[in-house]
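Report on the following structure.
Coordinate-derived values only; no laboratory data. Please read all numbers here as calculations on a predicted model, not as lab measurements. Cβ placement follows ideal geometry from the backbone for every residue including glycine, while neighbour counts extend to all protein chains displayed.
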Amino acid sequence: MLFGRSCPDCRIVAIEPYVADCLRASLAAGAPTTVQTGKTSMAGLNCGTPSYLAWPDLERGLAGAVAIDDAAATDAIADLTALGVDSGPCGAASLAALRVLATEPARSRLGLCPGSSVVLLNTEGADAAG
């Protein structure tokens, strides 16, 4: 995987629901870790175990993982909709995570500043969520 090779200052952060935060647990443990999952509107992100094939790249390439709740995803959907962006809960999760990362101490740890460029991936439209 080419995490950050074209831009060494690039920071990549994964997003997952609180009820399925296997990447956060795995990064903390230094090894793939399985967590019990629960119900979430972010069904496409509801995963209890990181991919064993992807794990080496994830461990090396991620600056971290952010867990969000369904309410944060719902708020992000509303804000994206107001801007004319079609998004479901998984797609809006990136905006919800950015809101967490834009606060201290995450902001300083990642080096986010007013001149930072941020890419948010929107992986689904509203129809995919229903």
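Isolated cysteines of the chain, defined as having no other cysteine beta carbon under 4.7 Å away, are 22, 47, 90, 113. Each Lys or Arg adds one and each Asp or Glu takes one away; over the other residues whose Cβ falls under 14 Å from the Cβ of residue 70, this sums to -3. Rounded to the nearest 20 debye, the dipole magnitude of the chain is 440 debye, with +1 charges on Lys and Arg beta carbons, -1 on Asp and Glu beta carbons, and the Cα centre as origin. Estimated from helical segments only, the mean residue ellipticity of the chain at 222 nm is -10500 deg cm²/dmol, where each DSSP H run of four or more residues counts as -39500 (n - 2.57).
Close amide H contacts of residue 64 (hydrogens built in the peptide plane, cut-off under 5 Å, sequence separation of 5 or more or a different chain): 14. Taken as entire DSSP H runs, the helices of the chain that both span 15 Å or more between Cα atoms along their own long axis and average 0.0 or more on the Kyte-Doolittle scale are 70-82, 89-101.
Considering only 74, 87, 58, whose Cα is most displaced toward the positive end of the charge dipole of the chain, charges sitting on Cβ of Lys, Arg (+1) and Asp, Glu (-1)? Result: 58. Exposed loop sites are taken as trypsin sites (Lys or Arg not before Pro) in a DSSP loop (any state but H, G, I, E or B) with at most 14 other beta carbon atoms within 10 Å; the longest stretch of the chain without one runs 40-130. Dividing the mean sequence gap of close Cα pairs (under 8 Å, 6+ apart) by how many residues the chain holds gives a relative contact order of 24 percent. Counting charges near residue 25 (Lys, Arg +1; Asp, Glu -1) among other residues having Cβ under 15 Å from its Cβ returns a value of -2. In the chain, the ratio of gyration radius to Kirkwood radius, Rg to Rh, stands at 0.96 when only Cα atoms are counted.
Remark: the residue 117-residue 29 segment gains 28.7 nm on full extension, using 0.36 nm per residue and subtracting the alpha carbon distance. For region 44-50, 3J(HN,Hα) computed residue by residue from phi via the Karplus equation (6.51, -1.76, 1.60; θ = phi - 60°) reads x, 10, 7, 10, x, 9, x Hz, glycine and proline entered as x.
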